[in-house]
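For reference, the structure is listed below as structure tokens.
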Amino acid sequence: MDIDDIALSGSSSSFQNGSLTIAFIRPVRLGNIEDIMQIDEFTNKFLHMEMQEQFFQARTPNGDPLWDVVRYYVFISLYDEIIEPAHSRPSFSHQSRQSWLNSLFTVRLKVLSTATQLTRLVRLKPTDFVAYVYSRNKDANNQPIDSASADAFQELMKMGSILKVESEQKLLQDVNIAPLYRAFARVVPWPAGVKDYIHKFTQAIANAQGHYFGVIDPNLSKLALTTYRYYLIQRQVWRRILDRSQPRLILMTQNGIQKGLIVEARKRHIPVVECQHGVINLMHPCYTYPPELLSGDAVLLPDALLLFSDYWKDQCRMPGTKMAVVGNNRFSSAGVQSTRTGAAVLLDAASFHKHLSPLAIELARLMPEQRFIIKLHPTDVLDREKIEKEYQGIPNISVVGAEKSCAELFADASDVVVIQSTASYEALDRGVPVHFFRRAGYISHQDLFAQSGVHLFSSTEELSCALFKPRASSERIPRYFDDFDSMAFRALVQVLCSEA
């Protein structure tokens, strides 16, 4: 819904017919916040800000709901600025340094892959379903798999034809979105007046950030332009995919924020079903919107979200999205408990490695009779050789990548040490005690802190006293992952397709 004149109470700004007029920018003092704000407090303040400032009602000159397109990245970047002021943010397209020869090879490979994918794009034929997947894991046969959507994908195959669109950049045997995005990035034009509007809108956001948080994100303008540009590219690519494939339904795993896909599907009355692929909670901006916000064209959200179990229904708030519990066989333990005769597993990831690596080394030296496993996140396996070098000469530490899943490791894991990970829920489902290191975003798991088998620690000594101990209680915990329910999934697909 377009708006004529909306006053932004905290920033004294107004939107007028797709343009933004700044009456004044309230002066704010930049710098560190005295006490670092935890993510739960930050989220509540952010939700209050976006409603008070009526950001959801902002429209670009071409009618796009700009705030919902950019809010995820604004949320993340602002919180990063609060906890690490003036720290540089990663861009959408980060490229590692290479020799000139490798660079030439990369360019040649990109040209070939792009030409192949463009050819596949123009040859697309009508299909019943489109599955947008992210195959970053391996199955029992060591083949790439999207653990989030695998069960639903197999069931859809029984219901009709499927076009598989892959987002893992290395997998080019299907229609792959990455080369298509690269190709369209060179030709997609900016709609008239949108750049100026974004610049003015980000001034209003900056003013609101200063008013509510006492901090302004210096990356804001560039971030909004880059995010919206990415959204425009998404729309152009998906417009062509959907016009050629004409599916009845889209199954999607979020890899990045797919607002462009959703808006193009909505224009064609194609329902979008998203697969839960990890932790969702009321501090995750993808899955948390203000409680008073109603569904409508101000938010671009899937028609349904497939949940791992009933537990997750209370962990998200998405206006207009149906919460459907269907389970997931890749994560479900089917009630099998760990023997707890094996190593303590530390769940590592790039953003947490600086905290977990020193902890692992100290633990291994403090407890030489015990074994420790560093389990790499799927996106970090390319750094395995460098990580393994950190543990040279420490015989009771081993590094595990994609060759073993968390489920396999948890079959005999004694304990799991983590800062933030979906696997913490997998461990609890299998009766493995979970120890949260009070670092970075650990507070996002606060829904677990009161559970039996959960321990919070701040030092190596504190953790070492809690590891390799019998569980203190056999109290029943919630079931975080159910077995996949094919009948529930089929019923949902049939209802959505009939309503489209």
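A short reminder: the numbers here are calculations on the coordinates, not readings from a lab. Here the structure is a predicted model, which is why all the values come from computation and not from measurement. Note: ideal-geometry Cβ built from the backbone for every residue, glycine included; neighbour counts use all protein chains shown.
Of all trypsin sites (Lys or Arg not before Pro) in the range 439-500, which ones are in loop regions per DSSP and have a Cβ with at most 10 other Cβ atoms within 10 Å? When the trypsin sites (Lys or Arg not before Pro) of the range 439-500 are filtered for loop state and at most 10 Cβ neighbours within 10 Å, Arg476 remain.
Only helices reaching 24 angstrom along their own axis (Cα) with mean Kyte-Doolittle hydropathy no lower than -0.5 count here, and for the DSSP H runs of the chain these are 66-83, 100-122, 194-213, 220-245. With neighbour counts taken as other beta-carbon atoms within 10 Å, the residues Ile76, Ile241 rank, fewest first, as Ile76, Ile241. Taking the centroid of alpha carbons for each part, the range 104-132 and the range 275-351 are 31 Å apart.
Sorting Asp196, Asp146, Asp128, Asp151 by the number of Cβ atoms found within 10 Å of their own Cβ, with the fewest placed first, yields Asp196, Asp128, Asp151, Asp146. Measuring spread by the Cα atoms of the chain yields a radius of gyration and Dmax of 23.6, 70 Å. Farthest toward the positive end of the dipole of the chain, out of Ala500, Leu232, Ser357, is the Cα of Leu232, where the dipole comes from beta carbon charges about the Cα centre.
Projecting the Cα atoms of Gln392, Leu448, Ser424 onto the charge dipole of the range 344-464, computed from C-beta unit charges around the Cα centre, puts Gln392 farthest toward the positive end.
Relative to the Cα centre, the charge distribution of the chain, modelled as +1 at Lys and Arg Cβ and -1 at Asp and Glu Cβ, gives a dipole magnitude of about 1760 debye. What translational diffusion coefficient, to the nearest whole µm²/s, does the range 344-464 have by Stokes-Einstein, given a Kirkwood radius computed over alpha-carbon pairs, a temperature of 25 °C and 0.890 mPa s viscosity? Approximately 171 µm²/s, per Stokes-Einstein. For the chain, what proportion of DSSP beta bridges, expressed in % and rounded to the nearest 5, is antiparallel? Antiparallel bridges: around 20 percent, rounded to the nearest 5. In the chain, the DSSP-assigned H stretches of four residues or longer account for a calculated mean residue ellipticity at 222 nm of -11500 deg cm²/dmol, using -39500 (n - 2.57) per stretch and the full residue count as denominator.
Summing +1 for each Lys or Arg and -1 for each Asp or Glu among the other residues whose beta-carbon sits under 10 angstrom from that of Phe489 gives -2. Restricting the range 244-349 to GluC sites (Glu not before Pro) that sit in a DSSP loop and have at most 16 other Cβ atoms within 10 Å of their own Cβ leaves Glu292. Packing, as the average of other Cβ atoms within 10 Å across residues, places the peptides 215-221, 187-193, 314-320, 117-123 in the order 215-221, 314-320, 117-123, 187-193, highest first.
In this structure, the amide hydrogen of Val399, modeled 1.01 Å from its nitrogen in the peptide plane, lies closer than 5 angstrom to those of Ile374, counting only residues at least 5 positions away or on a different chain.
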